[in-house]
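The values are calculated or read from the model by the stated rules, or taken from the named source; none is laboratory data. Please read all numbers here as calculations on a predicted model, not as lab measurements. Because the Cβ atoms are built from the backbone with ideal geometry, glycine has one as well, and the counts that use them run over all protein chains shown. Just the protein is used for accessible areas: all its heavy atoms, side chains included, with ligands, DNA and RNA removed. Shrake-Rupley method; radii C 1.70, N 1.55, O 1.52, S 1.80 Å.
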Amino acid sequence: DGGITQSPKYLFRKEGQNVTLSCEQNLNHDAMYWYRQDPGQGLRLIYYSQIVNDFQKGDIAEGYSVSREKKESFPLTVTSAQKNPTAFYLCASSIQGNGYTFGSGTRLTVV
Amino acid sequence: SQQGEEDPQALSIQEGENATMNCSYKTSINNLQWYRQNSGRGLVHLILIRSNEREKHSGRLRVTLDTSKKSSSLLITASRAADTASYFCATDNYGQNFVFGPGTRLSVLP
């Protein structure tokens with residue numbers, strides 16, 4: 001079945017540590033996105049990519065980095081520069097003009 | 001750069017009743033979408049309505065769009081406990097990504 005897979009489901013980060021969240025899709029979608037969701041809040045865009053080897057900053061890109069070396073993959077690294085990383089992270093993909101398909105999310109907690 | 005704003009923020013109804021949620025936005029849009037999110041899960045796409053459409057149906061869901069008022073509504077008829085979730089509208093304002101509102105938390109009580 002086609003879909004979008006995020007891993008891990010839960011992730012714990014120590015202070016000063018970089019962590020990478022995985023996002024893989026087999027939908028042949030060109031565009032991929034990373035959103036952050038805080039408790040009881042909406043989604044805020046971190047980064048997005050419309051095509052391989054190209055990506056743009058969203059509204060809250062500081063402290064995060066991404067790569068898009070393959071169409072299927074769009075990993076997100078939460079760096080030590082992100083001072084408040086505890087949140088629910090959602091990856092999505094789409095074909096232009098259609099809705100998003102979301103992954104099931106990764107819950108990141110700083111310990 | 002929040003575009004859509006859902007109203008109300010929270011809604012509690014009895015099973016079998018209808019639930020109506022509204023979304024207002026500020027600038028011209030190409031299309032508007034509604035998503036559902038169960039607690040701790042990803043969002044699920046429900047309906048996309050284009051700017052030249054006024055109403056769309058999907059099962060128990062009915063979405064309207066009024067571009068003159070820059071607003072949309074989502075109606076869930078004959079609600080069930082399984083409809084309990086947060087509902088988000090997202091606007092495609094001819095950009096490269098959609099902008100999500102803060103959502104409406106719907107509770108359907110048995």
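For chain A, what is the relative contact order in percent, using Cα pairs closer than 8 Å and at least 6 residues apart in sequence?
Relative contact order comes out at 35 percent.
Going by average Cβ neighbours within 10 Å, how do the peptides A:6-13, B:31-38 rank, with the highest at the top?
B:31-38, A:6-13
Show which aspartates and glutamates lie in cross-link reach of A:Lys70 when reach means a straight Cα distance below 19 angstrom and same-chain residues fewer than eight apart are skipped.
Qualifying aspartates and glutamates at Cα under 19 Å: A:Glu24, A:Asp30, A:Asp54.
Which GluC sites (Glu not before Pro) in segment B:15-71 sit in a loop by DSSP (not H, G, I, E or B) and have at most 10 other Cβ atoms within 10 Å of their own Cβ?
Counting only loop positions with at most 10 other Cβ atoms within 10 Å, none of the GluC sites (Glu not before Pro) in segment B:15-71 qualifies.
Under 26 Å from the Cα of B:Lys70, which lysines turn up, not counting those fewer than eight places away in the same chain?
B:Lys26, B:Lys56
How about segment A:29-111: which GluC sites (Glu not before Pro) there lie in a loop by DSSP and see at most 11 other Cβ atoms within 10 Å?
A:Glu62, A:Glu69
For A:Tyr10 and A:Arg107, calculate 0.36 nm times their separation in residues minus their Cα-Cα distance, and state this gained length in nm to one decimal.
34.4 nm
Whose amide H sits under 5 Å from the amide H of A:Phe12, counting only residues 5 or more places off or on another chain, with H placed in the peptide plane?
Amide H neighbours of A:Phe12, under 5 Å, 5+ apart: A:Thr109.
Provide a whole-number value for the mean count of partner chain Cβ atoms within 10 Å of the Cβ atoms in peptide B:88-94.
Whole-number average of other-chain Cβ neighbours for B:88-94 is 2.
Go through segment A:17-25 residue by residue and turn each phi into a ³J(HN,Hα) via Karplus (6.51, -1.76, 1.60, θ = phi - 60°); whole Hz please, and just put x for glycine and proline.
After applying 6.51 cos²θ - 1.76 cosθ + 1.60, I find 9, 8, 9, 10, 9, 9, 9, 10, 10 Hz.
Starting from the 7 Å offset along Cα-to-Cβ, what nm value, one decimal, do you get for the label separation of B:Asn22 and A:Ile51?
With each label point 7 Å from Cα toward Cβ, the separation is 4.2 nm.
Please report how far the C-alpha centroid of segment A:34-89 lies from that of segment B:33-50, rounded to the nearest whole angstrom.
20 Å
Which sequence of B:Ser28, A:Ser49, A:Ser22 reflects their accessible areas, 1.4 Å probe, from the largest down?
Heavy-atom accessible area, descending, gives B:Ser28, A:Ser22, A:Ser49.
Would you mind giving the average projected area, over all directions, of the Cα convex hull of chain A in nm² with one decimal?
6.7 nm²
Could you give me the ³J(HN,Hα) list for segment A:95-104, computed from phi with Karplus coefficients 6.51, -1.76, 1.60 and θ = phi - 60°, whole Hz, x at Gly and Pro?
9, 3, x, 10, x, 7, 10, 9, x, 8
Rounded to whole Hz and in sequence order, give me ³J(HN,Hα) for segment A:30-36 from the Karplus expression 6.51 cos²θ - 1.76 cosθ + 1.60, θ = phi - 60°, writing x for Gly and Pro.
My calculation for segment A:30-36 gives 6, 9, 9, 9, 10, 10, 10 Hz in order.
Counting alpha carbon pairs within less than 8 Å and at least 6 residues apart, what relative contact order, in whole percent, applies to chain B?
Value for chain B: 39 percent.
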